[in-house]
Amino acid sequence: EREECGVHANFKNTHVTNTQVTNTHECQSVAHTDAQNDVDMRVSLATLSMKNPLTVASGTFASGREYADFVDISRLGAITTKGVSARAWEGNDQGRLAETPSGILNSIGLQNKGAKHFIENDLIWLKQQQTRVIVNVCGHSYDEYVQALDALEQANGIDAYEINISCPNVDAGGMALGTQPKAVEHIVSLLRERTRKTLIIKLTPNVTDIAEIARAAESAGADALSLINTLLGMAIDVKRRRPILSRVVGGLSGPAIKPVALRCVWQVHKAVDIPILGMGGAASGTDVAEFMLAGASAVAIGTENFVDPCATMRILDELYAYAREQHISHISELIGGLEC
């Protein structure tokens, strides 16, 4: 799971540079309002309608409040929260982050304060933001996923769930669930019985055949798929001859993984009939267009939020500019439009 780290990463060998933010108005400066554009940006993830294809990747945006001074949250097609579990999780020991060329490794461990705290604090704020709310749900076991979803179902203001069955940073459940088709079918079936809200299943790329996992989720009742989560990686301190991360391995995200993410989206789009929320290294409007051409109906911006806290606003404007340049009247025309 990509996790908020509270730092601006200065990624090596990437085309994206840090943005020096002097004030909120500089960050949000936009030459137009979305309503005045001649491009129809509306898309749908199954039953979840979005004003535009842009959301944020879970764990890179907290629940939005931390970015509200830099971003007009209401311009996003949706906001995807950090992972929410049934009860509070402390997360992993320090040694949680490592910079890599064009990316970052994290081993946060899905630290969060639990569903009750989320409902009583973050969700109250989110309901006022005039955008769709996707809550990322995590658990160590089948029962913990069910308990978290049941608690969230008691609240108002949630439009969809993104079920994280792919995090490599939990000790039990997550990695096994996301890599075994039968386990994927079981957890999706359990959660499908408990909600009528849009159910998005987040897939790991750390498998032999991601299309097989996608078909298992679809057959069990998933409304949409989210991919990709982070790639497993590690970093070593050569002077100490020790791993930099306390858990040795962590999740790699950022521009370095975009080619893998595009390949996965393309493969899964050909394998299933349900829509895809694409992610993995998107850092510009044309990156978003690439994901949509590969088959994504919407795209999440993740690690780029650490590089530039205004990234989502810039990327949305770049996507508008691309659509005009290409004489696109409806952005949904891009979905699955790759010619090969």
*asked:* Given points 7 Å out from each Cα along the Cα-Cβ axis, report the Arg42 to Asp273 separation in nanometres with one decimal.
replied: 2.4
*Using the Karplus curve 6.51 cos²θ - 1.76 cosθ + 1.60 with θ = phi - 60°, work out ³J(HN,Hα) for each residue of the stretch 330-340 in order, rounded to whole Hz, and write x for Gly and Pro.*
10, 4, 5, 4, 6, 4, x, x, 5, 9, 7
*Ordered by residue, what ³J(HN,Hα) values in Hz, to whole numbers, does the stretch 50-55 give under the Karplus form 6.51 cos²θ - 1.76 cosθ + 1.60, where θ = phi - 60° and Gly and Pro are x?*
10, 5, 7, x, 9, 9
*Once amide H atoms are placed 1.01 Å from N in the peptide plane, what residues at a sequence separation of 5 or more from Leu232, or on another chain, have their amide H within under 5 Å of its amide H?*
Leu252
*Residue among Lys202, Lys239, Lys113 with the largest mean-square fluctuation in a Gaussian network model of the chain, springs linking Cα atoms under 10 Å*: Lys239
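Could you please state how large a percent of the accessible area of the stretch 298-340 is carbon and sulfur, counting protein chains only and using a 1.4 Å probe? Walk me through the numbers on the way to the answer.
Numbers: 840 of 1670 Å².
The C+S portion of the solvent-accessible surface of the stretch 298-340 is 50 percent.
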*Could you provide, to the nearest whole Å², the per residue accessible area of the chain with probe 1.4 Å?*
41
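For the pair Asp69 and Asp150, what calculated FRET efficiency results from E = 1/(1 + (r/R0)^6), where r is the Cβ-Cβ distance and R0 = 30 Å, to the nearest 0.05? Working shown, then result.
On the way: r = 34 Å, r/R0 = 1.14.
My answer for the efficiency is 0.30.
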*Once amide H atoms are built 1.01 Å from N in the peptide plane, which residues 5 or more positions from Ile244, or in another chain, come under 5 Å H to H?*
Ala235, Ile236, Asp237
*Would you pull out the residues with amide H under 5 Å of Asn136's amide H, same chain only if 5 or more places away, H placed 1.01 Å from N?*
Thr81, Val84, Glu162
*Per-residue HN-Hα couplings for the stretch 233-240, Karplus 6.51 cos²θ - 1.76 cosθ + 1.60 at θ = phi - 60°, whole Hz, x for Gly and Pro?*
x, 8, 9, 10, 7, 6, 6, 8
_Within straight-line cross-link reach of Lys116, lysines at Cα separation under 27 Å, skipping those fewer than 8 residues along the same chain_ = Lys82, Lys127, Lys197, Lys202
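From the gyration tensor of the Cα coordinates in the chain, what semi-axes in whole Å does the equivalent ellipsoid have, largest first, with each one equal to sqrt(5λ)?
Working through the eigenvalues yields semi-axes of 27, 24, 21 Å.
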*For the stretch 228-267, evaluate the Debye formula with one uniform point scatterer on each Cα (no solvent term) and list log10 I(q)/I(0) at q = 0.23 Å⁻¹, rounded to two decimals.*
-0.74
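The values are calculated or read from the model by the stated rules, or taken from the named source; none is laboratory data. Quantities reported herein were computed from a predicted structural model and do not represent experimental measurements. Cβ sites come from the backbone with ideal geometry, for glycine too, and all protein chains shown count toward neighbours. For accessibility, only protein heavy atoms count, side chains too; no ligands or nucleic acids. Shrake-Rupley method; radii C 1.70, N 1.55, O 1.52, S 1.80 Å.
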